[in-house]
1. With the condition being under 21 Å from the mean Cα position of the chain (by Cα) and assigned by TED's automatic domain parsing to the domain that holds Asn42, I'd like the helices (runs of 4 or more DSSP H) fully within segment 117-191 carrying at least 1 qualifying residues.
2. Of the residues that make up segment 90-108, is at least one touching a residue at least 24 places away in the same chain (Cβ under 8 Å), within 29 Å of Ser40 (Cα to Cα) and either of a type in the set (Val, Ile, Thr) or not in a helix (DSSP H, G or I) (or both)?
3. Condition check: touching a residue at least 40 places away in the same chain (Cβ under 8 Å), of a type in the set (S, T, N, Q) and either in contact with a strand residue (DSSP E or B) (Cβ under 6 Å, 6 or more places away or on another chain) or loosely packed, with under 14 Cβ neighbours inside 10 Å (or both). Does Ser75 satisfy that?
4. Determine whether Asp197 is outside the structural domain of His70 (by TED's automatic domain parsing), at pLDDT below 95 and out of contact with any Cys (no Cβ under 8 Å at 6 or more places or on another chain).
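The values are calculated or read from the model by the stated rules, or taken from the named source; none is laboratory data. Quick caveat: nothing in here was measured; it's all calculated off a predicted structure. Here the Cβ positions follow ideal geometry from the backbone for every residue, glycine too, while neighbour counts run over all protein chains shown.
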Amino acid sequence: MNQTIIYEQPLNERIRTFLRLEFLFAQAAQHLHDESQWGSRNTLNSLQDILSIFGRTDLKTEVLKELERHSATLSRLEPNPGIDQARLREILAELEKLGAELHKSGGPIAASLKENEFLGSIQQRGAIPGGTCDFDLPGYHYWLQQPARRRTGDLAGWLGQFETVAQAIKLILRLIRESAGFKPVSAGNGFYQVTLDTNHPCQLVRVEVDCKVPYYAEISGGRHRVTVRFLELSRQDGHAKQTAETIPFRLECCVI
């Protein structure tokens with residue numbers, strides 16, 4: 001079976017933010033299992049990035065709106081005889097459960113972490129190159145010397161405050177990705193462009209390419225059209241150049 005690479009491009013700010021958070025939650029979860037000091041540092045770096053995103057916008061409201069939108073969209077499918085009713089009810093129940101848990105949480109997500117002096121000092125020094133080294137943050141240095149069980153417990157507790165919203169974002173993105181299927185197309189001279197239906201705004205564009213293709217896909221798009229270019233990256237100077245070849249690939253425009 002051929003291995004493929006999937007490239008994704010969000011077409012609105014909400015999905016862009018959700019994809020970044022999905023990446024950061026996965027990165028934090030991966031490093032959390034590393035009990036070394038560097039593993040704890042990397043987990044905490046991911047946590048700081050997550051906190052930074054949550055500090056810039058009302059993510060709770062954004063996620064709730066998206067859960068409600070998906071619930072309304074899927075509910076309209078119930079009369080359709082071709083729908084797997086059991087699966088549909090399961091997804092609707094999951095959407096309702098996550099929405100209820102977010103409503104019940106009350107106030108901003110992880111509000112206590114924003115007031116945590118220890119995390120705040122690390123975030124402040126983290127803006128300086130090398131600013132979290134031992135002499136800059138002796139309290140952080142002390143914490144890193146503690147047994148792995150304590151460090152992992154602290155990190156898991158902090159990340160746990162995002163658990164419900166992380167599950168909600170994961171479900172939303174899964175529904176978006178599963179809302180369409182890949183279609184085979186080709187990029188002549190490494191270039192492909194498609195016009196979008198503005199009556200049904202596209203949320204996310206996905207491009208699937210065979211791993212053996214020696215080029216990477218660069219996707220750009222907006223409300224009206226999407227462009228895909230295939231570029232070759234020079235190993236000598238890092239310069240990217242569009243190929244003149246015709247590249248077969250598979251395209252998915254997720255509209256839900």
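1. Working: elements: 117-126, 138-144, 148-160, 163-177.
Answer list for segment 117-191: 148-160, 163-177.
2. So far as segment 90-108 goes, yes, one or more of its residues are touching a residue at least 24 places away in the same chain (Cβ under 8 Å), within 29 Å of Ser40 (Cα to Cα) and either of a type in the set (Val, Ile, Thr) or not in a helix (DSSP H, G or I) (or both).
3. Details: touching a residue at least 40 places away in the same chain (Cβ under 8 Å): no; of a type in the set (S, T, N, Q): yes; either in contact with a strand residue (DSSP E or B) (Cβ under 6 Å, 6 or more places away or on another chain) or loosely packed, with under 14 Cβ neighbours inside 10 Å (or both): yes.
The answer is no for Ser75.
4. Working: outside the structural domain of His70 (by TED's automatic domain parsing): yes; at pLDDT below 95: yes; out of contact with any Cys (no Cβ under 8 Å at 6 or more places or on another chain): yes.
Considered against the rule, which asks whether it is outside the structural domain of His70 (by TED's automatic domain parsing), at pLDDT below 95 and out of contact with any Cys (no Cβ under 8 Å at 6 or more places or on another chain), Asp197 comes out as yes.
This table checks each residue for (1) at pLDDT below 95; (2) under 22 Å from Ile172 (Cβ atoms); (3) not hydroxyl-bearing (Ser, Thr, Tyr).
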position: Arg41; (1), (2), (3): no, no, yes
position: Arg56; (1), (2), (3): yes, yes, yes
position: Leu59; (1), (2), (3): yes, yes, yes
position: Ala86; (1), (2), (3): yes, yes, yes
position: Ala111; (1), (2), (3): yes, no, yes
position: Trp143; (1), (2), (3): no, no, yes
position: Arg149; (1), (2), (3): no, no, yes
position: Gly153; (1), (2), (3): no, no, yes
